[in-house]
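Below is one structure; the comments refer to it alone.
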Amino acid sequence: FLGAGKPPMYGDYEAQRHWQEVTYNLPIRQWYFNTSDNNLLYWGLDYPPLTAYHSFLCAYIAKLINPDWIALHTSRGYESQPHKLFMRTTVFVADLLVYIPAVILYCFSLKETSTKKKASICALCILLYPGLILIDHGHFQYPLSLGFALWGVLCLSYDWDLLGSVAFCLALNYKQMELYHSLPFFCYLLGKCFKKGLKGKGLVLLTKIAGTVVVSFAVCWLPFCTDMAQIMQVLRRLFPIDRGLFEACMFSSPPPRLANIWCSLSVLIKIKNIVSPQTQLKLSFAVTFLSLLPTCIKLTVQPSLRGFKFALVSCALSFFLFSFQVHEKSILLVSVPVCLIINEIPFMATWFLLVSTFSMLPLLLKDGLLLPYAVTTLAFLSVCAASFSIFEKTSAEDLQLKPFSLSLKGYVSWFKSFPKIVRSLFLLSVTLMGVLSLASAAVPPPQRLPDLFPLSVSVISCLHFLLFLVYFNVVILWDSKNSRSQKKIS
């Protein structure tokens, strides 16, 4: 684990253990407040209540096995093989109960995966995505928020709108980063209500969804609703906006090494030095909002399940590239929705998932995960190439770009060589990522440019993501299948 055995913070593994210590030994009213028993500077809780309840549940079980694991104050930095086995088991159980069933059921629900073999292959590719595997290992993450979000998508695909709303509320109340996916859920459900008519069935559905969301949040936040000070303190912990644009970046000291637009621009323009934190917040909000707007309008006006899944990708990618306080690991919030459409655009989805893993290379090297990174990435690429024949699916139609190509009219002939161009760009991209990965691990950087390789990884990944953002928006805005697919769903 990252930081294991290294005081004073001991790494992300210690964060999860410490939250168990705090939630079990302290009353709820102290969980998010700085006290003599709860130093918020030492892995203070900064996730929503559902994370805290989950930590309490794990702590209750830990107490039965060995009270020393969560003893107040004296357990700081505790590590032992039995405890590591216990903590790993809690993650495995969360995977088995929430994330893995959602992936499997989703793949078997797809019309495109008409046979059990195709559905199994699709599920295997998603579960082999190296980014999630490596981050779960190196940073000790629970997959519950992503799992609940997948359950939300699965429920909506069956028109179980109320259950889907509950599932997404649980995801949002487990990790606030699920805001990356909130607008597509909101716009899709609102669009369905509009389509049914807001004077009849649509109004009834809207009322039911609104009531479901309010009740779900009320249940999750009930212990903190004793007074407004409790609620405001939790919100301050969840959204520490005063810390600045780059606070969430692991490498916040200059230069930032994160594959979003702000950190890439900071190589040329020292944004932190010339723009105040308040202006940084307004700027990032404005750019994020403008980048989201076309997709959200299209999804609201023409709601379809296919458009919803693509909007999850596009909106999450906009948040990652342009929003406030992004972490390297936040790319996983884009990658999981991309996994959901890997059966529709296997070539582009595989390419994106490779780049997303590569974008976390500085973090993975810091964790000492070079060999697992190489092995899992090659395994993932091999399975996707063999399962989906990705190199045979590079035509404009395969990449969902035929409506866009037809709209170009006089330039349609250019698309005849499109598959060859796309394959060449893919091979160039993979080669570049491979060379930079080897160089980052084995070649000492020039003395004058000690951050050359991490910065190169970040900037190149950012350029990839910008192109992917354009691509996904083109697919969404020129989508001619929306109305037909919606009829099939109905």
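The values are calculated or read from the model by the stated rules, or taken from the named source; none is laboratory data. Every value quoted in this text rests on a predicted model; they were computed, and no experiment measured them. Positions of Cβ are generated from backbone atoms using ideal geometry, with glycine treated the same way; all protein chains shown enter the neighbour counts. Heavy atoms of the whole protein, side chains included, go into the accessibility calculation; ligands, DNA and RNA do not. Shrake-Rupley method; radii C 1.70, N 1.55, O 1.52, S 1.80 Å.
Observations on the model:
- Residue pairs whose Cβ atoms lie under 6 Å apart, separated by 6 or more positions or on different chains, with the first residue in the range 215-226 and in contact (Cβ under 8 Å) with a residue 60 or more places away in the chain and the second outside any helix (DSSP H, G or I), are Cys220/Asn173.
- Between Phe148, Phe185, Phe217, the distinction of being farther than 26 Å from Ser291 by Cβ and modelled with pLDDT of 95 or more belongs to Phe217 only.
- Whether a residue is under 26 Å from the mean Cα position of the chain (by Cα) and either at pLDDT 90 or above or more than 17 Å from Leu463 (Cβ to Cβ) (or both) was assessed, and Phe404 does not pass this test.
- Single unsatisfied condition, Ser120 versus (1) assigned by the TED database to the domain that holds Ile61; (2) of a type in the set (S, T, N, Q); (3) out of contact with any Leu (no Cβ under 8 Å at 6 or more places or on another chain): (1)
- Residue match in the range 265-272 (condition: polar (S, T, N, Q) and either touching a residue at least 24 places away in the same chain (Cβ under 8 Å) or open to solvent by 60 Å² or more (accessible area, probe 1.4 Å) (or both)): no
- Single match in Trp31, Trp19, Trp43 (criterion: touching a strand residue (DSSP E or B) at 6+ places or on another chain (Cβ under 8 Å) and either open to solvent by 50 Å² or more (accessible area, probe 1.4 Å) or at pLDDT 90 or above (or both)): Trp31
Table: residues versus (1) at negative phi; (2) in contact with a Gly (Cβ under 9 Å, 6 or more places away or on another chain); (3) in a loop (DSSP other than H, G, I, E, B); (4) open to solvent by less than 10 Å² (accessible area, probe 1.4 Å).
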residue: Leu105; (1), (2), (3), (4): yes, no, no, no
residue: Val153; (1), (2), (3), (4): yes, yes, no, yes
residue: Gly164; (1), (2), (3), (4): yes, yes, no, yes
residue: Leu170; (1), (2), (3), (4): yes, yes, no, no
residue: Cys193; (1), (2), (3), (4): yes, yes, no, yes
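- The condition of being farther than 18 Å from Cys263 by Cβ, surrounded by fewer than 24 Cβ atoms within 10 Å (Cβ to Cβ) and not assigned by the TED database to the domain that holds Met177 holds for only one of Leu283, Leu305, that being Leu305.
- Per the listing Leu455, Leu432, Leu469, the residue uniquely at pLDDT 85 or above, open to solvent by 60 Å² or more (accessible area, probe 1.4 Å) and not basic (Lys, Arg) is Leu432.
- Candidates are the residues of the range 376-405 that are touching a residue at least 40 places away in the same chain (Cβ under 8 Å) and open to solvent by 60 Å² or more (accessible area, probe 1.4 Å); the one that is farthest from Thr357 (Cα to Cα) is Lys393.
- Top-ranked residue of the range 63-83 - restricted to ones that are free of Cβ contacts under 8 Å to residues at least 24 places away in the same chain and part of a helix (DSSP H, G or I), ranked as least open to solvent (accessible area, probe 1.4 Å): Pro67
- Residues located in the range 366-400, provided they are farther than 16 Å from Leu128 by Cβ and assigned to a helix (DSSP H, G or I): Lys366, Leu370, Leu371, Phe391, Glu392
- Counted residues, the range 36-62 - those being assigned to a loop (DSSP other than H, G, I, E, B), hydrophobic (A, V, I, L, M, F, W, C) and within 25 Å of the chain's Cα centre (by Cα): 2
- Condition met for Ala349 (of a type in the set (A, V, I, L, M), in a helix (DSSP H, G or I), open to solvent by less than 10 Å² (accessible area, probe 1.4 Å) and at pLDDT 90 or above): yes
- Any chance Lys6 is among the charged types (D, E, K, R), open to solvent by 30 Å² or more (accessible area, probe 1.4 Å) and without any contact (Cβ under 8 Å) to a residue 24 or more places away in the chain: yes
- Any hit, the range 134-141, residues being more than 30 Å from Asp367 (Cβ to Cβ), within 15 Å of the chain's Cα centre (by Cα) and buried (at least 17 other Cβ atoms within 10 Å of the Cβ): no
- Looking across Leu124, Leu146, one residue alone is in contact (Cβ under 8 Å) with a residue 40 or more places away in the chain, open to solvent by 70 Å² or more (accessible area, probe 1.4 Å) and in a helix (DSSP H, G or I). It is Leu124.
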